[in-house]
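S.K.: Below is the structure I would like to discuss, written out as structure tokens.
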Amino acid sequence: MRLSLLSTLVASSVMMAGAVSAAPKIKDINWAAVPATKTVLFYPGQTSIEWILTGTDHGGLRAFKKGDRCFECHSEETADMGAKMVSGAKAEKTPIPGKRASVPLTVKAAYDADNLYMRFEFPIGAHADVPFAKGGKMDPDNEIKLAMMIDAGKVDMAARSGCWTSCHSDNRDMPTAPAATALGGAKGIDTKAGYVTKYVPESRTQFDTAKRDNWDKVKPQAELDAMLKNGTFLDLTRFKSSGASEQGYILAERVLKPGADVAYSGKKEGDKWVVTMARALKSTQPGSVALEAGKSYTVGFAVHDDFAAGRFHHVSVDLKLGLDAEGEIKAVKQ
Ligand code: HEC
């Protein structure tokens, strides 16, 4: 009783001091009591969803079309897969010499009446200069970034492919990315940065996996608005090691804003990065998934290590997060 009164007082004095924030606090979870899930993120190269859905590119096409998850075929071999792309042997036009093929990630999750809490741990890697980036670093301000995507249950293929359904051949630095000079005509997406960001297939009037030129076939805004209301999006939150927490979603494009009801924190501990996160269970922001005890959600993780940006990240296959429910990652109530 006394303790909770004290923390309420501390919290309110912090608020009065002007540090007003609705972001949940990363409270003292007893992480030692929470079971760990170990997974291996891998370097995906230029394997877009269009690549996945083309038999001459991807050996798993038929089973994936029948309903198998990426996880079912690949969860035990991602380190070997990453080695093929990172070396340029498969689906990678601009390999980075010395980049690691995979990153082992330990994930823990817990929740209480208000928030989901997560803890991520992965080994710090050696630096490899990027030949095509100034100073050898693509994002010199951020040694690492860690992102989490959650499927609200309505995006086609997301339940069995996680992030892949939002990764396209015409995205930034991908094989059929439109030239910057061709971007001007696109309606419904912001291309000022000079490239097309991630999107879900439902946001387009066409999804041609052969021509792979769907980026500018954006549905009318009213249809996109309806999709944002009914849950046809992927929830996205991200930690930047420069200190920022971001949140947003992917629908017609990637939308990221400063975290309002999500707060990440991260630091190096010995030879590891440890990142923790707290996010509201309730959905208070557009494109944020409401999480409920007793339910499972498809999630995907990405780590940009070694000052990487864009597609030069390491990613997980689709995983299930269950809040005291079935899933590779089990969030336990604390
Ligand atoms: C039925 C099992 C199966 C499913 C489901 C499946 N794949 Fe594959 N995948 C394969 C096979 C087989 C290969 C070819 C392996 C080879 O050539 O050695 C492959 C190759 C790959 C590769 C290239 C790396 C490599 O080892 O050749 C990537 C990347 C990949 N799959 C990603 C995915 C993703 C992402 C999904 C889900 C969207 C998925 N796969 C679903 C069986 C599957």
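S.K.: So for segment 24-333, averaging the separation of alpha carbon pairs under 8 Å that are six or more residues apart and normalising by length, what relative contact order in percent results? Could you put the intermediate results ahead of the total?
M.R.: Numbers: 728 pairs, mean separation 76.4, N = 310.
Value for segment 24-333: 25 percent.
S.K.: Can you order the peptides 90-100, 25-35 by their average number of other Cβ atoms within 10 Å per residue, highest first? All intermediate terms of the calculation are to be shown ahead of the outcome.
M.R.: Details: 90-100: 15.7, 25-35: 13.1.
Ranked from most to least packed, the peptides come out as 90-100, 25-35.
S.K.: Modelled label-to-label distance, residue 180 and residue 272, 7 Å Cα→beta-carbon offset: nm?
M.R.: 4.1 nm
S.K.: Also, I was wondering about something else. Pull out the extension gain between residue 133 and residue 257, defined as 0.36 nm times the separation in residues minus the alpha carbon to alpha carbon distance; nm, one decimal.
M.R.: Values: separation 124, 0.36 × 124 = 44.64 nm, distance 2.56 nm.
Contour length minus Cα-Cα distance gives 42.1 nm.
S.K.: Taking amide H positions as placed in the peptide plane 1.01 Å from N, state which residues far from residue 27 in sequence (5 or more) or on other chains have amide H under 5 Å from it.
M.R.: Amide H neighbours of residue 27, under 5 Å, 5+ apart: none.
S.K.: Using a 7 Å offset from the Cα along the Cα-to-Cβ direction at both residue 187 and residue 210, what is the distance between the two label points in nm, to one decimal?
M.R.: 2.8 nm
S.K.: Would you work out the relative contact order for segment 180-334, in percent, from Cα pairs under 8 angstrom that are 6 or more residues apart? If you can, show how the numbers build up before the last one.
M.R.: Details: 262 pairs, mean separation 21.7, N = 155.
About 14 percent, as a whole number.
S.K.: Continuing with this model, one more query. Of the listed peptides 237-244, 291-298, 313-320, what is their order by residue-averaged count of other C-beta atoms within 10 Å, with the highest listed first?
M.R.: On the way: 237-244: 18.8, 291-298: 17.0, 313-320: 23.5.
So the peptides 237-244, 291-298, 313-320, ranked by packing, come out 313-320, 237-244, 291-298.
S.K.: Pop a pseudo-label 7 angstrom from the Cα along the beta-carbon direction at both residue 93 and residue 290 and give the gap in nm to one decimal.
M.R.: Here the answer is 4.4 nm between the modelled labels.
S.K.: May I ask you to list the residues of segment 99-115 whose amide nitrogen lies under 16 Å from a point 7 Å from Cα along the Cα→beta-carbon direction of residue 25?
M.R.: 112-115
Here, each number is a calculation from the coordinates, and none is a lab measurement. Keep in mind it's a predicted model, so treat the numbers as computed, not measured. All Cβ positions, even for glycine, are placed from backbone atoms using ideal geometry, and neighbour counts span all protein chains on display.
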